[in-house]
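Below you'll find the structure, written out as structure tokens, and then a few comments.
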Amino acid sequence: MKVWGVSVSYFTGKLETYLRYKHIPYEMEPPYADAVRVRRMAGAVQVPLIERGDGRFMSDTTPIIQALETEFPARPVMPQNPVVRFIALLIEDYADEWLWRVAMHYRWSYEHDRELLSRILADEVTTHIRLPRFVRRFILRKRQRGGYVIGDGVTDSTWDHVEQGYFTAMRAMQDMLRTRPFLLGDAPSIADIGLMGPFLRHFGQDPTPDAIMRNDWPDIAEWVARTWNAGATVADSAFLDDVPADAAALLTEICETHLVQLEANAQAVAAGDTRFAMTVQGCPYEDLPASRYRVYCLERLREQFAALDPASQAAVKALLPSPQAALIWTDDVPAVSHYDPDRQAPYNQAIKVFEANPVAEKFEWLRRLGRAPEAAN
Ligand SMILES: N[C@@H](CCC(=O)N[C@@H](CS)C(=O)NCC(=O)O)C(=O)O
């Protein structure tokens, strides 16, 4: 299996964790030198992508993993119990979409992290571009910090709240890991795999968050290593049959953060707005990019909830007592993404989470000059 990916990428790290656990062999290479073909085949140049032997492309780790679970049923990562499975998928969605801003902030707001990562990325993904390395690094720094940090609502007044998201996640995960090696049992589930997106390549590798984790949260550093190495140490799946009480802090955090953002984003997309504001845990965020892809995430969560039997639905409701959770089972806020209407994912023409990056567009002339970096994380 060919994975088009990047060694320091959030979602590539999530997919690699999964493939290693499942013992699915793969080779990896960055896709950017072949961007025209990749865009034609996959719809968007983002990482990771999988190119199959028959030429088909798979995009988007959430449907990729769901499709691979059917194709490679050994060592499943989806819990059998429907309530545990729904909660695991909700944790995956929070890891994918809420912790993204936190991870990008630590990587691109701190000078040391920014210098190191722009150097790694320039050497890994932009060597086909005929511009001096310092120019390639400059574009990468501007693109990533401008588009994904400053352009995604990280300001002096949200900075502390963004960082609080990292600590709250670790505290809540620690609650769950006190009596088990993985969040929902004795084997990694899609909840662990999802959280490896932010925790493997960003929090566990970027200098600033990694120092915090290693020095103050070594239990979490152990979980990162354990999940990465689970292919060698875990013989088969073993999940809980109930969502444990120690998941309460993580579920509250998900309701108060991720679901608030999903709701405000869906409202913005429904109104045709490209930017929106929201208040999360009392902290106002201004001028955020609306995402059609995240409306699709909400559509899928609602669909998974609707597919549960009434007793499981009641159990999920009892686990999510925060008022924000009603977003999942009521449709006062419309969720209509018009994305993947024929349900071909992961074999569809994909869209990016943020379809436009205004900062990248500002540097388009420079990029064209040397065929400069068009995507990285
Ligand atoms: N929902 C997608 C997200 C993939 C994604 O956003 N990947 C980042 C890198 S970690 C990317 O390629 N971004 C494109 C860009 O920066 O233009 C997935 O789960 O695979």
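The values are calculated or read from the model by the stated rules, or taken from the named source; none is laboratory data. Quick caveat, the model's predicted, so the values are computed rather than measured. Using ideal geometry, Cβ is built from the backbone for each residue, glycine included, and neighbour counts are taken over all protein chains shown. With ligands, DNA and RNA removed, areas are computed over all heavy atoms of the protein, side chains included. Shrake-Rupley method; radii C 1.70, N 1.55, O 1.52, S 1.80 Å.
By its C-alpha gyration tensor, with a ≥ b ≥ c as the square roots of the eigenvalues, how is the stretch 151-285 shaped: rounded for a/c under 1.5, else prolate for a/b larger than b/c, else oblate? Here the stretch 151-285 falls in the prolate category. Result for the chain in a Gaussian network model with C-alpha springs under 10 Å: among Thr17, Thr61, Thr179, the largest mean-square fluctuation is at Thr179.
With Cβ to Cβ distances under 10 Å as the rule, what net charge do the other residues near Ala335 carry (K, R +1; D, E -1)? Charge balance in the 10 Å sphere: -1. Equivalent-ellipsoid semi-axes for the stretch 1-90 (Cα gyration tensor, √(5λ), whole Å, largest first): 25, 13, 12. Specify whether the C-alpha gyration tensor of the stretch 243-365 places it in the rounded, prolate or oblate class, a ≥ b ≥ c being the square roots of the eigenvalues: rounded for a/c under 1.5, otherwise prolate if a/b is larger than b/c and oblate if not. Cα axes put the stretch 243-365 in the oblate bin. In straight Cα distance, which aspartates and glutamates are under 14 Å from Lys317, not counting same-chain residues fewer than 8 positions off? Straight-distance partners of Lys317: Asp242, Asp309.
Sparsely packed loop sites in the stretch 27-115 (the trypsin sites (Lys or Arg not before Pro) outside DSSP H, G, I, E and B with at most 15 other Cβ atoms within 10 Å) comprise Arg52, Arg56.
Only helices enter the 222 nm calculation for the chain: every DSSP H run of n ≥ 4 contributes -39,500 (n - 2.57), and dividing by all residues gives -16500 deg cm²/dmol, rounded to 500. Expressed per residue, the C-alpha convex hull volume of the chain stands at 131 Å³. Is the stretch 244-303 rounded, prolate or oblate when judged by the Cα gyration tensor, a ≥ b ≥ c being the square roots of its eigenvalues, rounded requiring a/c under 1.5 and prolate requiring a/b larger than b/c? Because a/c hits 1.5 or more and a/b fails to exceed b/c, the stretch 244-303 counts as oblate.
Using the Cβ of Ala95 as centre and a radius below 10 Å, the other residues enclosed give a net charge of -4, where K and R count +1 and D and E count -1. The spacing between the stretch 282-338 and the stretch 1-64, judged by their C-alpha centroids, is 28 Å. Heavy-atom accessible surface of the chain, averaged per residue, reaches 40 Å², computed with a 1.4 Å probe. Using the average count of surrounding beta-carbon atoms within 10 Å as a protection proxy, the listed peptides 351-361, 328-338, 221-231, 137-147 rank, highest first, as 137-147, 221-231, 351-361, 328-338. Annotation: amide H-H contacts under 5 Å for Tyr285 (H modelled 1.01 Å from N, sequence separation of 5 or more, or interchain): Met278, Thr279, Val280.
Relative to the Cα centre, the charge distribution of the stretch 5-64, modelled as +1 at Lys and Arg Cβ and -1 at Asp and Glu Cβ, gives a dipole magnitude of about 140 debye.
GNM on the chain, alpha-carbon springs under 10 angstrom: the most fluctuating residue among Tyr293, Tyr110, Tyr32 is Tyr110.
Membrane-span-like helices in the chain (whole DSSP H runs, Cα extent of at least 27 Å along the helix axis, mean Kyte-Doolittle hydropathy of at least -0.5): 159-177. Solvent-accessible area of the chain (1.4 angstrom probe, protein heavy atoms only): carbon and sulfur portion equals 53 percent.
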